[in-house]
2 protein chains.
Amino acid sequence: MPFFNVLKSCDNTSARTGLLETSHSKIDTPCFMPIGTYATVKTLATDEIKDMNYNLILSNTYHLYLRPGTELLEKFKGLHGFMDWDGSILTDSGGFQIYSLSDFRKIDTNGVEFKSHLDGSKHYFTPEKIVDIQRSIGSDIMMVLDVCPDANADIIEHQNAVNITSQWAKRCINHLKNNGPKYNYEQFISPIIQGGTNEELRKQSAEQLLELDADMYAIGGLAVGEPKDQMLSTVELLNTIMPENKPRYLMGVGTPEDLINCISNGIDMFDCVMPTRNGRNGQLFTRFGKVNIRNAKYREDMSLIDTNNQYNLSQKYTKAYLHHLFKTHEILGCRIATQHNLSFYNNLLKEARDAINNGAYNNWSKKFIADYNS
Amino acid sequence: MPFFNVLKSCDNTSARTGLLETSHSKIDTPCFMPIGTYATVKTLATDEIKDMNYNLILSNTYHLYLRPGTELLEKFKGLHGFMDWDGSILTDSGGFQIYSLSDFRKIDTNGVEFKSHLDGSKHYFTPEKIVDIQRSIGSDIMMVLDVCPDANADIIEHQNAVNITSQWAKRCINHLKNNGPKYNYEQFISPIIQGGTNEELRKQSAEQLLELDADMYAIGGLAVGEPKDQMLSTVELLNTIMPENKPRYLMGVGTPEDLINCISNGIDMFDCVMPTRNGRNGQLFTRFGKVNIRNAKYREDMSLIDTNNQYNLSQKYTKAYLHHLFKTHEILGCRIATQHNLSFYNNLLKEARDAINNGAYNNWSKKFIADYNS
């Protein structure tokens, strides 16, 4: 049983559909992964995630390491048991969180020292430790520890990040090879291509990591503040370098338009906080663009939230009611908006796959973007 | 079709079962009403309330008047349409909220002036206006405007409260009679017996209100800080005065033990914030007493939340997981605890009704309280 198969490629673009298979689920690609930072996709029960046809979620190694900790997760034979989720789980490595959340970190070639954003306690992550944490989590797909500079870092910092990330990727993969999965099912691991928006560094990073012949490849260090065109040109570049027969995961991206543009450039997997976080702030994604439901113009809008959305609550409650829930800070509002957005994202990806499979991706994507911006 | 029928009376106590019928639902009594202050039972969608077999909820006139306001509710032909709830709705009159939330109120015989707790704006409620607001809300059961002194008020204040409450009750009932229901279904109205814990005043209040021959009768002004035994003796007293053939509603009560003791004294209807509010703070009601799931001893407790509880999430997730959700301030924790508690309350009432119908209430109630305190 292969981990990944490309099923159908688009004639006009690099878009392709595929099937990703872990011990827990089969995932149609291109796919979007809802984010479940602390062992829950915020506001939702696992049944509800399943009901929206998601069977792969992302969780955060850094956060789970701090709370509830690996010891407890091991008692549950991993995160699946702890949160009662029988789909697949991908965990990021914590690299990004260490750089974005911790107000102190010190990188040496062996690993990274950082302070917890919760209590300031000091911790030290090595590539091997990160793999062990993800072994304990029982991630179906784990990510290597990487160094993720911010968009404004200079070339020296990016060059260092590329070098260390490559060394650490090798150590992570070897450590998993030597120790095997923690429980009775396979655990895959993905290196992360760094290099900012510098072409040479991206090539260098990709080539060094390709030598490791890993299960899949991820693009990190984008959607961290760089201009949108540089993000896209970096993905375009890597599309020509990354192996075609392995899943390609673009970390932390993005808007509906980003997803469509990056699918065109051969990306298979996405994750982003936008549908969940923006939902909790009252921003809804719809076929015809974003809706800020807190806006006064929805106060008396008796139309349903979104009749284009498959999700039942979006076709059950009105905009005026959802507006009221946000104005009164009612939790139900966050729930409805979160589910609405995740349903929208899932539907977007499903339509993209259908279009690719039907040889109609190019037209579909143009129409989708035109509608979305109308 | 009568509004209320007593079905079965207990031989040993004043407990009885009954059937309450509005245009929206048939409600088995004794019953508990979940509180949906701002047009939502906090954290829950209406389907979930239904799934827990609730078909009568309480909402708050004072809050709904401020947000979203009666004008918008009228566009939806009332609260049922606005929040998509096809069960019954009882609304309190706002009397209690004016006294507990507003930092300014001025009572004269015509009505009460108060400041909104939201923005300090001044408003004036008359008995007639309160009925009109509840007509606009479309409440199946409305409450009269009452004066509700706090537990430490002196006898003069209580005497005044009784007198004004009786005058206002008459005006409310007349106003509803003269104007009829707002929409195409019947709206009932209940006076509220006041008088604190003073026997004479309670008798006076009850007798004055009984003259109005209302659809049902409520006991207000309890559970506002008075000693528990005085609360119970007041209910005992009123049990001997209130008509047997009409529903008796004890407002704002209470703990599982309170409910059982008051059912024994002929109470048919209850509401209380405890299952919902305490749930959001991590307190669970179980057959064997309260559980504070935030307590460190649950950190590694792999047992299910409550196998005695009918509600599916209580039998799906573990205590350790729920503990984690509360420690990480995850909304899902509030949802699970809220549903767990409302399911517990519903089940408690169902068991009580079954016991009464089977002539076993006395034994059942003793065992329940013994288990609960064990």
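The values are calculated or read from the model by the stated rules, or taken from the named source; none is laboratory data. This structure is a prediction, so every number in the text was calculated from the model and none was measured. Heads up, the Cβs are rebuilt from the backbone with ideal geometry, glycines too, and the neighbour counts pull from every protein chain shown. Ligands, DNA and RNA are stripped out before the accessible areas are found, and what is left, the full protein with its side chains, is counted by its heavy atoms. Shrake-Rupley method; radii C 1.70, N 1.55, O 1.52, S 1.80 Å.
See the values below:
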quantity: Calculated FRET efficiency for the pair A:Gln315/B:Asp51, C-beta based, R₀ 22 Å, to 0.05; calculated: 0.75
quantity: Where rotation carries B onto A, the chain B residue whose Cβ is nearest that axis, in whole Å; calculated: B:Ile331, 3
quantity: Mean Kyte hydropathy of -0.5 or more with a Cα span along the axis of at least 18 Å, helices from DSSP in chain B; calculated: B:331-357
quantity: Fraction of the pair-distance distribution of segment B:311-361 above 17 Å, Cα-Cα pairs, percent; calculated: 46
quantity: Accessible area of the protein assembly as shown divided out per residue, in Å², using a probe of 1.4 angstrom; calculated: 38
quantity: Under-5 Å amide H pairs with B:Ser190, H placed in peptide plane, nonlocal only; calculated: B:Met142, B:Met143, B:Val144
quantity: Partners for A:Lys122 among lysines (Cα-Cα distance below 20 Å; same-chain residues under 8 apart left out); calculated: A:Lys106
quantity: Within 10 Å of each Cβ in A:66-76, the average number of Cβ atoms from other chains; calculated: 3
quantity: Nm distances between copies for B:Glu211, ranked from closest, using label points 7 Å along Cα→Cβ; calculated: 9.9
quantity: Segment A:32-73 residues near the modelled B:Met302 label - backbone nitrogen below 12 Å, point 7 Å along Cα→Cβ; calculated: A:72-73
quantity: Efficiency of FRET from Cβ geometry, A:Lys367 and A:Glu113, R₀ 60 Å, rounded to 0.05; calculated: 0.75
quantity: Mean Cβ neighbour count within 10 Å, used as a protection proxy, ranking A:86-93, A:108-115 highest first; calculated: A:86-93, A:108-115
quantity: Sequence ranges A:276-286, A:364-374, ranked by mean other-Cβ count within 10 angstrom, highest first; calculated: A:276-286, A:364-374
quantity: Which listed pairs, of A:Lys203/A:Lys228; A:Lys290/A:Lys319; B:Lys8/B:Lys177, have C-alpha distances above 21 Å, in listed order; calculated: B:Lys8/B:Lys177
quantity: Listed peptides B:39-50, A:189-200 by packing density, highest first (mean Cβ within 10 Å); calculated: A:189-200, B:39-50
quantity: Carbon + sulfur, % of accessible area of the protein assembly as shown - ligands and nucleic acids excluded, 1.4 Å; calculated: 44
quantity: Accessible surface, 1.4 Å probe, highest first, among residues B:Ile293, A:Ile155; calculated: A:Ile155, B:Ile293
quantity: Complex-versus-alone comparison for segment B:308-338, residues with a loss of 30 Å² or more in accessible area, probe 1.4 Å; calculated: B:Lys316, B:Tyr317, B:Tyr321, B:His324, B:Thr328, B:Glu330, B:Ile331, B:Leu332, B:Arg335
quantity: Pairwise burial A:B, computed as accessible area of each alone minus the pair, summed, 1.4 Å, Å²; calculated: 3500
quantity: Sum of -39500 (n - 2.57) over DSSP H runs of 4+, divided by residues of chain B (222 nm, nearest 500); calculated: -12000 deg cm²/dmol
